Amino acid sequence: MADATKRTRRSAGLLLFRRTPDGPEVLLGHMGGPFWARKDAGAWSVPKGEYGADEAPWDAARREFREELGLPAPDGTPLPLGDTVQSGGKHVTVWAVEADLDPADMVAGTFTMEWPRGSGRIAEFPELDRVAWFGLDAARAAVVKAQSVFLDRLAEQV
């Protein structure tokens with residue numbers, strides 16, 4: 001019997017983009033922690049995070065950007081890129097904002113978890129261990145598969 005109290009996990013994020021002579025570039029973050037340390041393809045993500053029923057998705061996207069990168073979410077006109085459902089069932093909503101920032105300015109937020117699993121030891125890891133600018137084709141190869149739809153939607157708008 002399914003758990004009737006189980007809620008849909010929702011996440012919201014900001015996809016920064018900038019225009020270059022070679023076309024648009026997007027800022028992605030490499031997921032931190034031990035599960036992603038040795039992975040590259042499919043281990044990059046839009047800076048995003050979960051939110052509850054008491055928070056608007058746009059507010060959550062801006063808050064998560066600040067928490068994950070340690071930088072204020074840039075001002076700018078948000079371009080809604082809609083939502084998608086990732087393989088684990090999480091519903092992700094993303095907005096694009098045109099802005100530029102230096103990845104070296106990032107001060108990663110952290111999370112704690114038991115590691116190694118079952119050891120009883122609690123370790124701290126960065127939410128994102130690095131951020132980088134990618135052209136759209138390179139971003140499609142790097143990003144979590146379900147999030148590539150946001151790159152396609154951005155390409156249609158810019």
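Looking at the stretch 104-129, which of the residues that are polar (S, T, N, Q) and part of a strand (DSSP E or B) is least open to solvent (accessible area, probe 1.4 Å)?
THR110
Quick one: which residue in ALA73, ALA53, ALA60 is of a type in the set (A, V, I, L, M, F, W, C) and out of contact with any strand residue (DSSP E or B) (no Cβ under 7 Å at 6 or more places or on another chain)?
ALA53
Condition check ((1) among the charged types (D, E, K, R); (2) more than 17 Å from SER148 (Cβ to Cβ); (3) touching a Leu at 6+ places or on another chain (Cβ under 8 Å)) across all residues:
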| residue | (1), (2), (3) |
| --- | --- |
| THR8 | no, yes, no |
| PHE17 | no, no, yes |
| GLY33 | no, yes, no |
| ALA37 | no, yes, no |
| GLY42 | no, no, no |
| ARG62 | yes, yes, yes |
| PRO74 | no, yes, yes |
| VAL85 | no, no, no |
| ALA96 | no, no, yes |
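List every residue pair whose Cβ atoms lie under 8 Å apart, where the two residues are 6 or more positions apart in sequence or sit on different chains, the first residue falls within the stretch 67-78 and is touching a residue at least 12 places away in the same chain (Cβ under 8 Å) and among the small types (Gly, Ala, Ser), and the second residue, located anywhere, is part of a helix (DSSP H, G or I) and open to solvent by 30 Å² or more (accessible area, probe 1.4 Å).
Pairs that qualify, where the first residue is touching a residue at least 12 places away in the same chain (Cβ under 8 Å) and among the small types (Gly, Ala, Ser) and the partner is part of a helix (DSSP H, G or I) and open to solvent by 30 Å² or more (accessible area, probe 1.4 Å), are ALA73/ARG62; ALA73/ARG63; ALA73/ARG66.
Just name the residue that is nearest to GLU68 (Cα to Cα) out of those in the stretch 130-148 that are surrounded by 14 or more Cβ atoms within 10 Å (Cβ to Cβ) and basic (Lys, Arg).
Among residues in the stretch 130-148 that are surrounded by 14 or more Cβ atoms within 10 Å (Cβ to Cβ) and basic (Lys, Arg), the one nearest to GLU68 (Cα to Cα) is ARG130.
For the stretch 130-150, which residues satisfy the criterion of being out of contact with any Leu (no Cβ under 7 Å at 6 or more places or on another chain) and outside any helix (DSSP H, G or I)?
ARG130, GLY135, VAL144 - these are the residues of the stretch 130-150 that are out of contact with any Leu (no Cβ under 7 Å at 6 or more places or on another chain) and outside any helix (DSSP H, G or I).
The values are calculated or read from the model by the stated rules, or taken from the named source; none is laboratory data. All of these numbers come straight from a predicted model, not from anything done at the bench. Neighbour counts are summed over all protein chains in view; Cβ atoms, including those assigned to glycine, are modelled from backbone coordinates with ideal geometry. Surface areas here come from the heavy atoms of the whole protein model, side chains and all, with no ligands, DNA or RNA. Shrake-Rupley method; radii C 1.70, N 1.55, O 1.52, S 1.80 Å.
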